[in-house]
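The values are calculated or read from the model by the stated rules, or taken from the named source; none is laboratory data. Keep in mind it's a predicted model, so treat the numbers as computed, not measured. Positions of Cβ are generated from backbone atoms using ideal geometry, with glycine treated the same way; all protein chains shown enter the neighbour counts.
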Amino acid sequence: MEPPDTPSEDVDEALQQVFRGVEEKGRAHGNPAVLASQPLLLKASAQGMDIAAQLVAATAVPLEAEHVVDTTGAGDAFIGAVLYAISAGFAVDRMLTLGAIVAAAKCQALGARPGLPRRDDPRVAHLLEPQPSTATVL
């Protein structure tokens, strides 16, 4: 039984819509960009199940090739920032933006730790202040 006022969509179609939207937002407003769908009841027909969810997609921070020094630890940096944001109660858009910025900053220095920003780094300091969500809902 479907929850009231919840659109039912195919998983692949819903994902494509969110991905297209975040790519357009990223091009129009700079990166990273975060886009969220309305709450959905997703049909996973091949698995014979429905899933209540909200889809969220984000872009990475663009780095010119000459600024990328070492990608060692970039994924760990992203996950670490996301886990911090979850434990601090961040909105999903701030969480993903923080992860993208921390991972990009890490890539600009040699080794797994030297490029990681500190709390007072202007690239992340604004995200660590209390603020409302800025995710665009489709």
- Item | Those helices (runs of 4 or more DSSP H) lying entirely in segment 48-138 with at least 1 residues exposed (fewer than 12 other Cβ atoms within 10 Å of the Cβ) | 74-87, 122-128
- Has segment 31-44 got any residue that is part of a helix (DSSP H, G or I) and either without any contact (Cβ under 8 Å) to a residue 24 or more places away in the chain or within 12 Å of the chain's Cα centre (by Cα) (or both)? no
- Pick from segment 91-111 the residues that are hydrophobic (A, V, I, L, M, F, W, C) and at pLDDT below 90: which of them is nearest to Gln54 (Cα to Cα)? Val92
- Residue that is within 28 Å of Arg113 (Cβ to Cβ) and modelled with pLDDT of 75 or more, where the choices are Leu63, Leu40: Leu63
